[in-house]
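The values are calculated or read from the model by the stated rules, or taken from the named source; none is laboratory data. As the structure is a prediction and not an experimental result, all values here were calculated from the model. Here the Cβ is made from the backbone with ideal geometry for all residues, glycine too, and neighbour counts use every protein chain on show. Heavy atoms of the whole protein, side chains included, go into the accessibility calculation; ligands, DNA and RNA do not. Shrake-Rupley method; radii C 1.70, N 1.55, O 1.52, S 1.80 Å.
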Amino acid sequence: MTYYRGWTGRVFIGASLDGFIARPDGAIDWLTDPPADGRCHARITSSAEVAGWETFFPSVDHVAMGRGTYEKVLTFDTWPYEGKRVIVMSTALAANDDRITIARTLDDAVRELARADQVYVDGGKVIQAFLRADLIDEITIGWAPTLIGTGRPLFGLLESDITLSVLASNASAGGMVHATYRVHRPAPQPMLASAETT
Ligand SMILES: NC(=O)c1ccc[n+]([C@@H]2O[C@H](COP(=O)([O-])OP(=O)(O)OC[C@H]3O[C@@H](n4cnc5c(N)ncnc54)[C@H](OP(=O)(O)O)[C@@H]3O)[C@@H](O)[C@H]2O)c1
């Protein structure tokens, strides 16, 4: 399925070095509360500086996330998406929160994003679904210098390779390696001769 869209799909996420965004139970302690002695680096090298959250977040107008991420956000003290239109993907979630719009399918989500400009895509399964449908243009990952062995993966199965270019990367004093990638869009497929003649 090819979606025609006028918006840019963007990911901004923290991951363990072995590719997980949360432990199996959803915990992100390894990201938010790293061991004090585990992130100390004497020498920091950098290409172009990666734009941080303070630059990224104000630049998006819509957030598309999965139920897993939404349920995590509900445990926070404050709703962090004030002023953004928030689409939550779920086949099962009850519609009882005025701050969100529920999308039951990817088609629903794309319909709800029709007037978007910059879309922040969040949650492992939703990022994977958007990537498979060619709905992601840019990915910023903060790689934590931690291996957690198991958990909820950032990326998953693909029908074909996706190639990316590195736009910027830097290591922070805290030992996180941030990188922003541009996702290469697949070339448009030529129409089949039989389709042209019918
Ligand atoms: N490290 C970070 O920076 C970071 C960032 C964001 C989130 N997280 C963590 O990651 C965890 C959540 O990630 P996750 O991969 O488990 O889940 P997720 O993508 O946030 O949510 C998965 C759920 O979204 C719904 N969904 C996904 N794709 C769908 C589709 N195509 N159509 C309809 N519904 C769809 C399904 O809900 P239903 O089962 O209801 O159908 C699915 O179970 C949380 O623990 C959160 O704390 C970490």
**Asked** So which residues in region 162-181 are of a type in the set (Gly, Ala, Ser) and surrounded by 17 or more Cβ atoms within 10 Å (Cβ to Cβ), if there are any at all?
**Response** Ser169, Ala171, Ala179
**Asked** In region 112-142, how many are near the ligand (Cβ under 7 Å from one of its atoms) and either part of a loop (DSSP other than H, G, I, E, B) or open to solvent by 60 Å² or more (accessible area, probe 1.4 Å) (or both)?
**Response** 2
**Asked** How many of the residues making up region 100-123 are farther than 17 Å from Tyr181 by Cα and either under 17 Å from the mean Cα position of the chain (by Cα) or hydrophobic (A, V, I, L, M, F, W, C) (or both)?
**Response** 11
**Qualifying positions in region 90-106 - more than 8 Å from the ligand (Cβ to nearest atom) and either hydroxyl-bearing (Ser, Thr, Tyr) or closer than 19 Å to Glu159 by Cα (or both)** = Thr101
**Message:** If Arg132 meets every condition in (1) without any contact (Cβ under 8 Å) to a residue 60 or more places away in the chain; (2) within 15 Å of Gly9 (Cβ to Cβ); (3) touching a strand residue (DSSP E or B) at 6+ places or on another chain (Cβ under 9 Å) apart from one, which number is that one?
**Reply:** (3)
**Request:** Determine whether Ala109 is modelled with pLDDT of 95 or more and either closer than 21 Å to Val60 by Cβ or open to solvent by 40 Å² or more (accessible area, probe 1.4 Å) (or both).
**Result:** yes
**Asked** Taking only pairs six or more apart or across chains, which ones have beta-carbon atoms under 9 Å, a first residue in region 96-109 that is over 24 Å from Tyr4 (Cα atoms), and a second residue that is in a helix (DSSP H, G or I)?
**Response** Asp97/Tyr70
**Message:** Among the residues of region 68-93, what is the count of those that are open to solvent by 70 Å² or more (accessible area, probe 1.4 Å) and either at pLDDT below 95 or assigned to a loop (DSSP other than H, G, I, E, B) (or both)?
**Reply:** 9
**Request:** Check region 51-62 and report whether any residue there is closer than 30 Å to Ala173 by Cβ, away from the ligand (no atom under 15 Å from the Cβ), open to solvent by less than 50 Å² (accessible area, probe 1.4 Å) and modelled with pLDDT under 95.
**Result:** no
**Request:** Inspect all residues belonging to region 143-161 and state whether any of them is more than 9 Å from the ligand (Cβ to nearest atom) and open to solvent by less than 20 Å² (accessible area, probe 1.4 Å).
**Result:** no
